[in-house]
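Colleague: My structure is below; once you've seen it, I'll send some questions.
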Amino acid sequence: MNVDRRTLLSAAAATLTPAAALAQGTSSATGPVGAALSARAAETRMKLAYDGDRFSGPALDLLVDEGRAAQFFLLGEEHGIAENAKLAATLFQALAPAGYRHLGIEISPPLAWAMDNAARQGPDALKHFYGSPGAAVAFFGMAEESAMLAKARAAVPGSAPVLWGLDYEVGADRWLIAALEAAPKPRAAAAAVATLRSAATAAWAKYAETRNLQFAFSFAGDPQLVRAVRAAWPRPDATSLWALDVLEETLEINRLWIDGRGWDSNQHRARFIRANFVRHWRIEQAAGRSPKAMFKLGANHLVRGVNDVGTFDLGSLLPEVAALADAKTFSLMVLPGAESNVAVLDPATWTYREGSAKDNYAGGLELLSAQAYPDAFTLFDLRHLRPLTRSGRMHTTYPALMRAVNGYDALLIMSGSTPSRNF
């Protein structure tokens, strides 16, 4: 989508990631090393052909070949690029015959299961689900993103869930509470859930009055309300347990930020994302499976190494998990090109509008973006640049560029890309 979480919460005056962008590097090719990097990028760049319907060409072949050889394919994005969602669908369809069985996305596990069920019936069923009470789904309430989910689900036979939810829940807490209400539980737990429901209803009423997302329950709620449900419900079923985990973690992450503990909030979220993956992975391992999986999240979550908010996120864990099985990962960063806008969430209406990219993932990458084709999608195999980045001075002169080159295997700049559309 692009509702990036930062854009979403910034607009709500309660952003959960700092406004600071990636450290800016020198924009021009200063000195011989910068000139060599620019020249090498120009020599090795590849066009990704796209005719408005299909992707093709050597760049696509490289991505598919690398994905087939990997255990995990990581697609770190600037949210809200229509063509990127279409590319993700194309890649997953091409990789499914090579053993890819799951698509990890930036939403909570319980919501992902419900969306998986709807996606089996196609985009229209997803649209119907988004209209159900309390299901204010972020990131995927756009036409291209929903089409991607439906295509990914259709690419894997059988009824086992394909979508892996990995994150907390910014808008669908009422849907999670409804799921808890429907589950069998002790009378004391029912009373605690009723108290939770009352608080959520009041918070969302305040949001409806003000259209300020900081008053929504996900941001203003007290995690102690969820802990009270746990105390009264000692042995919940597995689905309810995960819903409780999502609710408590969501409220705790946001409470930390409101209390002025920004790093702790970011660290807590990164830890929760990693923990959700481990939970999914252990379920597969217990069943004797080690499926291949694609992950599509914001670029900051999938970069290898420390990210721009000073934490180690999923992008650092996945290569280590793959290495334990003598396998590897392949990671791709996708950014809009010059003059390309993206879809940005308006939290007052919960709809998407056209706007400029907010994450500034391209900041400091000018040596590469200057070599992108102005009228086509350009793929840079960043592995070609690593031999030129050995000096310590490179890391001080071009910090963001070094993070991208070492943190991703390839960079795709989509010049001429368009914003995703409201579904």
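The values are calculated or read from the model by the stated rules, or taken from the named source; none is laboratory data. Values in this document were obtained by computation on a predicted structure and should not be read as measured data. In this analysis, Cβ positions are derived from the backbone assuming ideal geometry, glycine residues included, and neighbour counts consider all displayed protein chains. SASA here: full protein model, heavy atoms, side chains in, ligands and nucleic acids out. Shrake-Rupley method; radii C 1.70, N 1.55, O 1.52, S 1.80 Å.
Colleague: Given (1) surrounded by fewer than 21 Cβ atoms within 10 Å (Cβ to Cβ); (2) assigned to a helix (DSSP H, G or I), identify the lone condition not met by N300.
Modeller: Going through the list (1) surrounded by fewer than 21 Cβ atoms within 10 Å (Cβ to Cβ); (2) assigned to a helix (DSSP H, G or I), N300 breaks only (1).
This table checks each residue for (1) closer than 20 Å to K296 by Cα; (2) among the hydroxyl-bearing types (S, T, Y); (3) in contact (Cβ under 8 Å) with a residue 24 or more places away in the chain.
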site: D346; (1), (2), (3): no, no, yes
site: T349; (1), (2), (3): no, yes, yes
site: A357; (1), (2), (3): yes, no, yes
site: E366; (1), (2), (3): no, no, yes
site: S369; (1), (2), (3): no, yes, yes
site: L401; (1), (2), (3): no, no, yes
site: D409; (1), (2), (3): yes, no, yes
site: P419; (1), (2), (3): yes, no, yes
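Colleague: Sticking with this one: Could you list, in sequence order, the residues of the range 190-213 that are open to solvent by less than 60 Å² (accessible area, probe 1.4 Å), farther than 17 Å from E248 by Cβ and of a type in the set (V, I, T)?
Modeller: T210
Colleague: Could you please find all residues in the range 58-96 being touching a helix residue (DSSP H, G or I) at 6+ places or on another chain (Cβ under 7 Å), assigned to a loop (DSSP other than H, G, I, E, B) and either buried (at least 24 other Cβ atoms within 10 Å of the Cβ) or of a type in the set (A, V, I, L, M, F, W, C) (or both)? Before you say what the answer is, go through the steps one by one.
Modeller: Let us first name the residues in the range 58-96 that are touching a helix residue (DSSP H, G or I) at 6+ places or on another chain (Cβ under 7 Å), namely 63-64, 67-68, 71-78, 82, 85-86, 88-89, 91-95.
Those left that are additionally assigned to a loop (DSSP other than H, G, I, E, B): 71, 78.
Scanning the range 58-96 gives a single hit, E78.
Colleague: Which members of the range 298-330 meet the condition of being under 15 Å from the mean Cα position of the chain (by Cα) and β-branched (V, I, T)?
Modeller: The one that is under 15 Å from the mean Cα position of the chain (by Cα) and β-branched (V, I, T): V303.
Colleague: Moving to a separate point now. Identify, from the list A199, A160, the residue that is more than 21 Å from the chain's Cα centre (by Cα) and farther than 30 Å from M294 by Cβ.
Modeller: Details: A160 fails: farther than 30 Å from M294 by Cβ.
On inspection, the qualifying residue turns out to be A199.
Colleague: Does R274 fit the bill of being in contact (Cβ under 8 Å) with a residue 12 or more places away in the chain, of a type in the set (K, R) and surrounded by 15 or more Cβ atoms within 10 Å (Cβ to Cβ)?
Modeller: On the way: in contact (Cβ under 8 Å) with a residue 12 or more places away in the chain: yes; of a type in the set (K, R): yes; surrounded by 15 or more Cβ atoms within 10 Å (Cβ to Cβ): yes.
The answer is yes for R274.
Colleague: Sticking with this structure for a sec: Need at least 1 residues that are open to solvent by 10 Å² or more (accessible area, probe 1.4 Å), more than 26 Å from R269 (Cβ to Cβ) and among the acidic types (D, E) per element, so show me which helices (runs of 4 or more DSSP H) inside the range 304-423 make the cut, counting only ones lying wholly within it. Steps first, answer last, please.
Modeller: Values: elements: 314-324, 366-369, 392-397, 399-407.
Answer list for the range 304-423: 366-369.
Colleague: Among the listed residues Y352, Y373, Y398, which satisfies the condition of being modelled with pLDDT of 90 or more and farther than 18 Å from S415 by Cα?
Modeller: Values: Y373 fails: farther than 18 Å from S415 by Cα; Y398 fails: modelled with pLDDT of 90 or more.
Among Y352, Y373, Y398, only Y352 is modelled with pLDDT of 90 or more and farther than 18 Å from S415 by Cα.
Colleague: Taking the condition of being surrounded by 18 or more Cβ atoms within 10 Å (Cβ to Cβ), modelled with pLDDT of 95 or more and in a helix (DSSP H, G or I), how many residues in the range 233-264 meet it?
Modeller: Of the residues in that region, 13 qualify.
Colleague: Which one is nearest to F129 (Cα to Cα) among residues in the range 97-110 that are of a type in the set (A, V, I, L, M, F, W, C) and open to solvent by less than 10 Å² (accessible area, probe 1.4 Å)? Explain how you work it out, then say what you get.
Modeller: Keep residues of the range 97-110 that are of a type in the set (A, V, I, L, M, F, W, C), which gives 98, 103, 105, 107.
Going one step further and asking which of them are open to solvent by less than 10 Å² (accessible area, probe 1.4 Å), we end up with 103, 105, 107.
Numbers: L103: 19, I105: 17, I107: 15 Å.
The selected residue is I107.
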